[in-house]
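> Provided herewith is a single structure, encoded as structure tokens, for subsequent inquiry.
The values are calculated or read from the model by the stated rules, or taken from the named source; none is laboratory data. Just so we're clear, the structure is a prediction, and the values are computed from it rather than from any experiment. Neighbour counts are summed over all protein chains in view; Cβ atoms, including those assigned to glycine, are modelled from backbone coordinates with ideal geometry. Side chains included, ligands, DNA and RNA excluded: accessible areas come from the protein's heavy atoms. Shrake-Rupley method; radii C 1.70, N 1.55, O 1.52, S 1.80 Å.
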Amino acid sequence: MNEPILPALDAHTDQKTEFFMAASHQLKSPVAVVQWCLNSITEKQDIDPETRKLAERALVQADAMSQLLGDMLRVFRIIHKGHGVETLVPINMNHLLEGVLKQYELIALQQQVKIQVGPMEQLPLVLGNETYLQQAVINILDNAIKYSTAGSSVELSAYAKGGMIEITIADHGIGIPEAEQSRLFTEFFRGELAKDKTANGTGLGLVLVKHILEGMGGGISYTSVPGRGTTFLLRIPTAAA
């Protein structure tokens, strides 16, 4: 089995990582309190429209900060510490994918996007961390739905090939401009079309997916045409590989 692909750390880098992890963790609690307070305000029926508007605007920013902190912690743990990725157990990919698809049925419907699932054979087991692998699939599927055009579809298929399970997730959305594609897996990078489509996003999701899959001995690639959509290919070694 391939060794996890994770960067080595010197003592100085490790100290900085520990500091950022601790700071991010400490910020989660006050942000959660702010979210709770703002949610309580917006749920009240007897507040004036201007107050509601300000509270809703602040809540959007608080939610974005909470998402950023969560993504930062996951990235630090996986990229810099390897937490979770080194714990590899057999995973039933059919069950994992079925669970993700069930979770996103309503989300896709709300975005006026249809999820189409291609023929999916009984897949072999893979060795990985189920929580992180599920997160990797969710990140790509969520992006595909988020950046799709209303009325279009997202196609998901999975099959075994050459000791790997290959999962393709294709959308017919905004696509990625060629000039931005080389920066797609750069921390905190978000393309201009993505920003125009939605303000939500941390620029860490694809970085996280890349390191999760590489840490399990797999990888990720993509093809994209601006205005026509993007197809991601996720590859995970089977348990027998």
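> Whether any residue in the range 149-156 is touching an Asp or Glu at 6+ places or on another chain (Cβ under 8 Å), open to solvent by less than 50 Å² (accessible area, probe 1.4 Å) and closer than 27 Å to Ala240 by Cβ is what I want to check.
Within the range 149-156, not a single residue is touching an Asp or Glu at 6+ places or on another chain (Cβ under 8 Å), open to solvent by less than 50 Å² (accessible area, probe 1.4 Å) and closer than 27 Å to Ala240 by Cβ.
> Also, quick follow-up: Looking at the range 100-116, I want the residues that are closer than 16 Å to Thr168 by Cβ and have a partner that is assigned to a helix (DSSP H, G or I) and open to solvent by 80 Å² or more (accessible area, probe 1.4 Å) with Cβ atoms under 8 Å, at least 6 apart or on another chain. Which pairs are those?
Ile115/Glu105
> Being open to solvent by less than 30 Å² (accessible area, probe 1.4 Å), modelled with pLDDT of 80 or more and either more than 20 Å from Leu101 (Cβ to Cβ) or among the β-branched types (Val, Ile, Thr) (or both) is the requirement here; does Ile220 meet it? Full working, then the answer.
Values: open to solvent by less than 30 Å² (accessible area, probe 1.4 Å): no; modelled with pLDDT of 80 or more: yes; either more than 20 Å from Leu101 (Cβ to Cβ) or among the β-branched types (Val, Ile, Thr) (or both): yes.
So Ile220 fails the test.
> Ile138 passes all but one of (1) within 20 Å of Gly70 (Cα to Cα); (2) open to solvent by 30 Å² or more (accessible area, probe 1.4 Å); which number fails?
Exception for Ile138: condition (2).
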